[in-house]
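Here's the structure, in structure tokens; my notes come after.
Values in this text are rule-based calculations from the coordinates and carry no lab data. Computed from a predicted structure; not experimentally measured. Cβ sites come from the backbone with ideal geometry, for glycine too, and all protein chains shown count toward neighbours.
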Amino acid sequence: MRARTKKLIGTLLLIVWLPIYALLAARVGIGVLPHADTILRFLYYLFAGTLWIVPVGLLLPWMHRE
């Protein structure tokens, strides 16, 4: 597959993935943790806010590989 095609596919996946992940993480946070302690909510959003990096970290090297 050409590098240009891989970058296009990767970019489209990122554009779709990030909003879906953000909405799902927020929905889980709102649905599961409405009456949770402030520290627990902070830890959830800290974890959920950095977890999106894992798939992106796997996708970016694939996009730039020859």
* Exactly one of (1) of a type outside the set (A, V, I, L, M); (2) touching a residue at least 24 places away in the same chain (Cβ under 8 Å); (3) assigned to a helix (DSSP H, G or I) is unmet by T5. Its number? -> (2)
* **Members of segment 47-66 that are touching a residue at least 12 places away in the same chain (Cβ under 8 Å) and either assigned to a helix (DSSP H, G or I) or small (G, A, S) (or both)** => A48, G49, L51, P55, V56, L59, L60, W62, M63, H64
* **Of all residues making up segment 24-46, the number that are in a loop (DSSP other than H, G, I, E, B) and surrounded by 11 or more Cβ atoms within 10 Å (Cβ to Cβ)** => 2
* To do: Taking V16 as meeting all but one of (1) out of contact with any Leu (no Cβ under 7 Å at 6 or more places or on another chain); (2) aliphatic (A, V, I, L, M); (3) surrounded by 11 or more Cβ atoms within 10 Å (Cβ to Cβ), write down the number of the exception.
  => (3)
